[in-house]
1. How much of the calculated P(r) for segment 75-165 lies past 23 Å, in percent of all Cα pairs?
2. Please work out how much accessible surface GLU64 shows to a 1.4 Å probe, ignoring ligands, DNA and RNA, in Å² rounded to 10.
3. Using 7 Å Cα-to-Cβ label points, what is the GLU56/TRP28 separation (nm, one decimal)?
4. Using the heavy atoms of the protein chains alone and a 1.4 angstrom probe, what is the accessible area of the chain per residue in square angstrom?
5. Which distance in nm do the two modelled labels at GLU162 and LEU10 give, with both placed 7 Å along the Cα-to-Cβ direction?
6. Sort TYR68, TYR26 by accessible area with a 1.4 Å probe, largest first.
7. Quick one: accessible surface of GLU93, probe radius 1.4 Å, all protein chains present, in square angstrom to the nearest 10.
8. Need one value: the accessible area of LYS152 in square angstrom, 1.4 angstrom probe, rounded to the nearest 10.
Amino acid sequence: MELFTPDFGLVFWMFVAFAILLFVLYKWGWPVIIKGVESRADLIDKGVEYAQQAKEQLLHAKEESEKYVAEARKQQADMLREADRMKSQIIDEARVAAQGEAKKVMDAAKLAIAQERKEAELQFKNEVSSFAIDIAAKVVRNQLADEKAQTKLVDSLLDEMEKQN
């Protein structure tokens, strides 16, 4: 039972040792511990502050990046509109140029066709008149064997020419 009931001297010396230990800890240990805890608390506070700043910077960077993305999309849309406008303008200019060129080609073709037709008509007239003269010459030779018939024919031709003019 002695183990469960300590002697007064033992309790006294344990109390003295505890008081000395407490005094030493209070004098030299506790300030170091408090200083370490306070520096750790400052470090944690600085870490929290740094985290808050990082969070704010991240939010600011996110907002700024969204602004840049929106601006880039706007520029892209503007560039696409400009490209579409230029495409339409180029197509219209090409259409106008093609219509002008087609008109020139059509006019040239019409002129060439008209000229070819005139040449063909002239050639046809020349050939018809050549055939008519050949036929008339053969007919006249056969019919105008005598001089009286020749004079009558020349007079009738001269009368016809006067009527036409």
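The values are calculated or read from the model by the stated rules, or taken from the named source; none is laboratory data. In this text, all values refer to a predicted model and were calculated from it rather than measured experimentally. Cβ atoms come from the backbone with ideal geometry, glycine included; neighbour counts cover every protein chain shown. Heads up: the accessible areas ignore ligands, DNA and RNA and are worked out on the full protein's heavy atoms, side chains in. Shrake-Rupley method; radii C 1.70, N 1.55, O 1.52, S 1.80 Å.
1. It works out to 65 percent of all Cα pairs.
2. GLU64 exposes around 60 Å² with every protein chain in place.
3. Placing both labels 7 Å along Cα→Cβ, they lie 4.5 nm apart.
4. On a per-residue basis, 96 Å².
5. 18.2
6. Correct descending sequence by accessible area is TYR26, TYR68.
7. 110
8. 150
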